[in-house]
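Just below is one structure, and these are the notes that go with it.
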Amino acid sequence: MRDRVPTLRMLAVSASLALAAMAAPASAFADDEARRAILDLRQQVQQQNEQNVRARLQLADQLQSLQQEIAQLRNQLELVSRQQTSTAQQGQQAQQQNNHPGNPPGVSAADPQEQTAYDGAIDLFRKAQYKEASESFAAFTALYPNSALAPSAQFYLGSSRYALKDFKGAIEQLNTLVQNAPNDARAPDALLVIAGSQIELNNRAGAKATLQRIVSEYPQTPSAKTAQSRLQLLQ
């Protein structure tokens, strides 16, 4: 009986050692798997970070490019406005009977009071008092909706809204001109300002459609050439 006790103890110790030996490789295997998982996770995080950095850089480049395009379009719009004023003045000089350089060539008001109201609004626009000019042109179009000067007043009303950075208001007013007087000489220029307003509102698709409309419907006008150059900027 006494001989069996040491034997049992030795068996128990041997079994414990065997279990420990079996557990050690399993534990080591689990540690290796955990390390590999951590390394894989770190690699995935690094790749994601690199992708995020590239995406931010691409977005920054796109924003810078868009800002440059908007600046170019804004400069071109200002040039168009100056050219329109110059053209109107030259046309009026050619018309000896007309002493109002703000009128479109060959167009005059039906009565002196009507002409005075238009001249006052034009004077405000030339002085860059766009808020007051906008109000005066709006009053003119309301008082004289059938005036021969109404399309011109509508154009300057929309241009005043554009200058005030009321781009939605500019689009609304200039669309009214194009719808009511599509054959007016200022209609293609009105569409140019509409396209510029759409650019300012980040509506690039709308701006492209407006510029393409100018090229399609007014192909022989200077505005069509300007529209083509702007379409290239928007590609």
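The values are calculated or read from the model by the stated rules, or taken from the named source; none is laboratory data. For clarity, every value in this text was computed on a predicted model and none was experimentally measured. Methodologically, a virtual Cβ is constructed for each residue, glycine included, from the backbone with ideal geometry; neighbour enumeration extends over all protein chains shown. The accessibility values were calculated without ligands, DNA or RNA, using every heavy atom of the protein model including side chains. Shrake-Rupley method; radii C 1.70, N 1.55, O 1.52, S 1.80 Å.
Tabulated results
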| quantity | calculated |
| --- | --- |
| Farthest positive-ward along the range 96-235 dipole, Cα basis, beta-carbon charges - from Ser159, Gln235, Val193 | Gln235 |
| Surrounding net charge for Ala139, when Lys and Arg each add one and Asp and Glu each subtract one, Cβ distance under 15 Å | -3 |
| For the range 140-181, accessible area per residue (1.4 Å probe, heavy atoms of protein chains only), Å² | 44 |
| Of Lys168/Lys208; Lys127/Lys225; Lys131/Lys165; Lys127/Lys165, those spanning more than 20 Å from alpha-carbon to alpha-carbon | Lys127/Lys225 |
| Computed over the range 131-235: relative contact order in percent, which uses C-alpha pairs under 8 Å that are six or more apart | 18 |
| Gyration tensor (alpha-carbon) shape descriptor, the range 130-230, a/c threshold 1.5 | oblate |
| Protection proxy ranking, peptides 120-128, 38-46, average beta carbon neighbours within 10 Å, highest first | 120-128, 38-46 |
